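In what follows, a structure is listed as structure tokens, so that the remarks can point back to it.
The values are calculated or read from the model by the stated rules, or taken from the named source; none is laboratory data. Please read all numbers here as calculations on a predicted model, not as lab measurements. Heads up, the Cβs are rebuilt from the backbone with ideal geometry, glycines too, and the neighbour counts pull from every protein chain shown. SASA here: full protein model, heavy atoms, side chains in, ligands and nucleic acids out. Shrake-Rupley method; radii C 1.70, N 1.55, O 1.52, S 1.80 Å.
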Amino acid sequence: MAKRVVLAYSGGLDTSVIVRWLADKGYEVITYTADVGQGEELSEIPEKAKASGAVEAIVEDVREEFARDYCLPTLRALALYEGKYPLSASLSRPLISKKLVEIAGKEGADYVAHGSTGKGNDQVRFEVSVWALNPDIEVLAPVREWEFRAREEQVEYAKRHGIPVKVTKEKPYSIDRNLWGVSIECGPLEDPWAEPPDDAFQITVAPERAPDEPEYVEIGFGKGVPVSLNGEKFSELHRLIEKLNEIGGKHGAGRIDMVENRLVGIKSREIYEAPGATILYEAYRELLSLVTDRFTHHRFMEFVPHTYAKLAYEGLWFSPLRNALDALTEKIGELVTGEVRIKLYKGSVTVVGRNSPNSLYVEDLATYSEKDVFDHTAGKHFTEVWGLPLKIYGRIRGRE
Ligand code: ARG
């Protein structure tokens, strides 16, 4: 029986060449393409996959699953890699890996394959995710071992084998896009001193060309889940994110420019656009801080965002720790109900109002007006006890 492989297929040149290359090596290739909100027309994918040599081509809309099971838990953890990157590309890999493993099981394939290179993070995410779900599957990564050095060699190979290649002028960028954001690297971005050229950006306008009038958005949350936008209910989370990307993108919101530490030890310059995610992070962070006591809030923020971001970035999505953290953020998320009003203006995303039935803000305690009920004499004793460690230090050491 022929060896069968399920390939994560984007429809681009690399993965199309991989189909043929694997077929030449004697594999029966089944392609899998997920719609994770990359904003591309996928209806021609099956035809293209088959023209490249696939025996079967599967295309699936997984936007809601991606939003619910990958973006939402990451939002609830307020996870940002190195404090900046909302992990868009990192999140789609475990989902795609899960699908590859499921299809391999159904189709009796012992192999899965991906088109990632040997110097990126995605190879790690694909492979570790696949093994966590089925350690007996073998993962093939043709780009790491094939003979093609330059793109021209791939184009030549593709033409020789009748693989349809688009003869558009090649963009200098490598772009990965989904619902949660766009990542852009390569070309002029490889100089970390150079400002990103305007044509690098895919879904946001330059802040200086954004409307001169601010726009307000009101996001409603129910038990840790974004459920409405400007009063309109959204039962599908991916639709709400798409809408926020559109509104935020118009105002130049959510652009991120960073040099990040890749898993393989390299630093790389990357541009991200994540208008929807950025707005949701601002809103969620604000509500979470309104409804949690200080102890919970501080410990949460010290521990969860950083730990979660590293798990997602470093390919450890299907780890017991990530599962356990999801239980934690879901539990605390039960308090996160209410609305946040956000002002979008020339690239900035500013919280200007918040409101929750679970709010711990007590105006009678906070106020400086005559309504004040706080016992000021308590402040004297509190300050004495609070300051005692440094008072003692000052007494013993301060005289030296
Ligand atoms: N550096 C990001 C990550 O590892 C994005 C990589 C996605 N690829 C791209 N072509 N920009 O998550």
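What are the aspartates and glutamates whose alpha-carbon lies under 13 Å from the alpha-carbon of Lys223, with same-chain residues fewer than 8 places away excluded?
Excluding near neighbours in sequence, the set is Glu330, Glu334, Glu339.
Are there GluC sites (Glu not before Pro) in the range 33-98 that DSSP marks as loop and that have at most 11 other Cβ atoms within 10 Å, and which are they?
Hits after loop and neighbour filter: Glu41.
With an 8 Å Cα cut-off and a minimum separation of 6 or more residues, compute the relative contact order for the chain in percent.
Contact order relative to length: 18 percent.
Which of the listed residues, Leu388, Asn358, Ala283, is farthest toward the dipole's positive end in the chain, when Lys, Arg count +1 and Asp, Glu count -1 at the beta-carbon?
Positive-end residue among those listed: Leu388.
Starting from the range 126-208, pick out the GluC sites (Glu not before Pro) whose DSSP state is loop and whose Cβ has at most 14 other Cβ atoms within 10 Å.
In loop regions of the range 126-208 (DSSP not H, G, I, E or B), the sparsely surrounded GluC sites (Glu not before Pro) are Glu147, Glu170.
List every residue whose amide H lies under 5 Å from the amide H of Tyr81, counting only residues 5 or more places away in sequence or on a different chain, with H placed 1.01 Å from N in the peptide plane.
Under 5 Å from the amide H of Tyr81: Leu87.
State in Å² the accessible area per residue of the range 1-56; use a 1.4 Å probe, count heavy atoms of protein chains only, and round to the nearest integer.
41
Which value in nm describes the separation of the simple spin-label points at Asn134 and Met301, placed 7 Å from the Cα toward the beta carbon?
Roughly 4.4 nm, to one decimal.
Using the structure shown, list the pairs from Lys371/Lys391; Lys84/Lys331; Lys267/Lys343; Lys119/Lys166 with a Cα-Cα distance above 30 Å, or answer none.
Lys371/Lys391; Lys267/Lys343
Using only the Cα atoms of the range 118-170, build the gyration tensor, take square roots of its eigenvalues as a ≥ b ≥ c, and label the shape rounded, prolate or oblate: rounded if a/c is under 1.5, else prolate if a/b is larger than b/c, else oblate.
prolate
Check each of the trypsin sites (Lys or Arg not before Pro) in the range 355-393 and keep only those in coil by DSSP with at most 15 other C-beta atoms within 10 angstrom; list them in order.
Sparse-neighbourhood loop trypsin sites (Lys or Arg not before Pro): Lys371.
Just need the Rg to Rh number for the chain, please, alpha carbons only, Kirkwood Rh.
Reported Rg/Rh (Cα atoms, Kirkwood Rh): 1.06.
Report the label-to-label distance for Ala327 and Lys223 in nanometres (one decimal), using points 7 Å from each Cα along the Cα→Cβ vector.
1.8
Between Ala57 and residues 5 or more places away or on another chain, which pairs have amide H atoms under 5 Å apart, with H built 1.01 Å from N, and which residues are they?
So Ala57 has HN proximity to Thr31.
Amide H to amide H under 5 Å from Ala113: which residues, 5+ apart in sequence or cross-chain, H placed 1.01 Å off N in plane?
Val6, Leu7, Ala8, Leu140
How much length is gained if the chain between Glu152 and Glu102 is pulled fully straight, taking 0.36 nm per residue apart and subtracting their Cα-Cα distance, in nm to one decimal?
Full extension of this stretch gives 14.5 nm more.
Carbon and sulfur atoms: what percent of the 1.4 Å accessible area of the chain do they account for?
53
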